[in-house]
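Before any comments, here is the structure.
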Amino acid sequence: MVELTKRQRQILGFIRGKQATEGQAPSIREVAAHFGFSSPNAAAAHIRALIAKGTLSHLPGRARSLQVVDGFWGRNRPRPPVVTIPIYGSIPAGVPADAAQEEEGCVLMDIQTLGIKPSARTFGLRVRGDSMIGKHIMDGDIAVIEHGVQPRGGDVVAALIDGQVTLKTFLLQRGKPCLRAENPRYPNLIPQEELQIQGVLVALIRKRK
């Protein structure tokens, strides 16, 4: 049986998901951007390894010609199912702001690449701002949020603080909740009147470059 690393399985699932939803394979740059690699060379190295292991094929000199080898998943390895995650607008990762949740479409992902099994309470928000770069959450990423989860200290949350929304790290200081930015340019936020946790970050979909 072919042995793959966890990252190689994720990349293979991402390529298959792209083929299923868009009808073509992603480019190497798209693979690198999705997984947050610092350069396309890292993605290319994983793809070469997958080709060498016989799990991917490609046509030399042809862009986007990667194909998952038929039968690789095998009888005991079903193809990862594709799930739909609704996108409910954007969320500031910076200074809190007014924002109304309004469905603006959805994103299709396979469960293996996403890393979680979404529920009816799972939704996505487009990140605006750079206050969470310390957690590798960038402007333009999609934060996948699970509503109704009780946050623990250190969780990244979508929060309504004093009537405005923001994406921050949830903390308890001397038993009182506060929200921490992951960028020294931004202050921590302490609620003056109310703090409502709208959901906890469970996954991140990287912005395409």
Residue among 125, 160 that is over 13 Å from residue 203 (Cα atoms) and assigned to a strand (DSSP E or B): 160
Tell me which of these residue 82 doesn't satisfy, since it passes every other one: (1) modelled with pLDDT under 75; (2) touching a Cys at 6+ places or on another chain (Cβ under 9 Å). (2)
Among the residues listed as 123, 170, the single one being within 16 Å of residue 83 (Cβ to Cβ), of a type in the set (A, V, I, L, M, F, W, C) and either modelled with pLDDT of 85 or more or buried (at least 21 other Cβ atoms within 10 Å of the Cβ) (or both): 123
Kindly establish whether residue 144 is in contact with a helix residue (DSSP H, G or I) (Cβ under 8 Å, 6 or more places away or on another chain) and either among the aromatic types (Phe, Trp, Tyr) or assigned to a strand (DSSP E or B) (or both). yes
Could you grab me the full set of residues in the range 128-139 that are part of a loop (DSSP other than H, G, I, E, B) and exposed (fewer than 15 other Cβ atoms within 10 Å of the Cβ)? 136
Does residue 179 satisfy being surrounded by fewer than 18 Cβ atoms within 10 Å (Cβ to Cβ) and either aromatic (Phe, Trp, Tyr) or in the same structural domain as residue 134 (by TED's automatic domain parsing) (or both)? no
Has the range 184-205 got at least one residue that is surrounded by fewer than 16 Cβ atoms within 10 Å (Cβ to Cβ), touching a Leu at 6+ places or on another chain (Cβ under 6 Å) and of a type outside the set (Lys, Arg)? yes
Identify, from the list 11, 51, 15, the residue that is surrounded by fewer than 19 Cβ atoms within 10 Å (Cβ to Cβ) and outside any loop (DSSP other than H, G, I, E, B). 51
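The values are calculated or read from the model by the stated rules, or taken from the named source; none is laboratory data. The model shown is predicted, which means the values in this text are computed figures rather than measured ones. Backbone-built Cβ (ideal geometry, glycine too); neighbour counts: all protein chains shown.
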